[in-house]
1. Tell me whether the stretch 9-73 comes out rounded, prolate or oblate; compute the Cα gyration tensor, take square roots of the eigenvalues as a ≥ b ≥ c, and use a/c under 1.5 as the rounded threshold.
2. If R₀ is 22 angstrom, what is the calculated FRET efficiency for the pair ASP56 and ASP35, using the beta carbon separation as r and rounding to 0.05?
3. If you compute semi-axes √(5λ) of the Cα gyration tensor in Å for the structure shown, which of [x] 24, 18, 17; [y] 22, 17, 14; [z] 55, 14, 9 do you land on?
4. Each residue of the stretch 107-118 in order: what ³J(HN,Hα) in whole Hz does its phi give by Karplus 6.51 cos²θ - 1.76 cosθ + 1.60, θ = phi - 60°, with x for Gly and Pro?
5. Could you work out how far helix 42-94 tilts from the main Cα principal axis of the chain, as a 0 to 90 degree angle to the nearest 10?
6. What ranking of LYS18, LYS49 comes out by heavy-atom accessible area, probe 1.4 Å, highest first?
7. Got a number for the accessible area of VAL44? Probe 1.4 Å, square angstrom, nearest 10.
8. Please list HIS65, HIS46 from largest to smallest accessible area, probe radius 1.4 Å, with all protein chains kept in place.
Amino acid sequence: MSNAIALDEKQTTEIADKLAQASNQVLELRIALTDRTPPTPSAVLHDLKQYESQLDQMVSFFRAHGIYLINQGAQQALANVNAAIEQGRKTVADIKHTHAAIKAAAGLLDLAAALLSRNPLTIAEAANSLRS
């Protein structure tokens, strides 16, 4: 049985930020050790540099994963918007009453304005309003 942990975009961003801070601390330690007397063994400095590099790679991984999650959400939002637009279009095409056609057209305009605002909450509200 698999007990995989699913992270959301905010969590992956927080992890990436904390790993970046840790990498920076390793860098600061490595710089401080470089100037010490007696000199720090080069093997220790090399190991620190390797850990710093690996932490930086993990930062990149988590940032990329966060971007992937954002994209997934955007794809779902786009599918919802397209479905709402199609429903509004069909409603306008199938309407027999002028009042209902005006309401559907106004809903489409609200959705278009929400899309231009790029505010996800406004877009979701406009899409839901158009569907109802």
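The values are calculated or read from the model by the stated rules, or taken from the named source; none is laboratory data. Computed from a predicted structure; not experimentally measured. Cβ atoms come from the backbone with ideal geometry, glycine included; neighbour counts cover every protein chain shown. Only protein heavy atoms, including side chains, enter the accessible area calculation; ligands, DNA and RNA are left aside. Shrake-Rupley method; radii C 1.70, N 1.55, O 1.52, S 1.80 Å.
1. Working: a/c = 6.27, a/b = 3.30, b/c = 1.90.
Cα axes put the stretch 9-73 in the prolate bin.
2. Details: r = 22 Å, r/R0 = 1.02.
With a Förster radius of 22 Å, E is 0.50.
3. Looking at semi-axes √(5λ) of the Cα gyration tensor in Å for this model, the match is [z].
4. For the stretch 107-118, the Karplus curve yields x, 5, 5, 4, 5, 4, 5, 5, 4, 5, 6, 6 Hz.
5. 0 degrees
6. Numbers: LYS18 135, LYS49 115 Å².
Reading off the accessible areas and sorting them downward yields LYS18, LYS49.
7. It works out to around 60 Å².
8. Numbers: HIS65 60, HIS46 100 Å².
Ranked from most to least accessible, the order is HIS46, HIS65.
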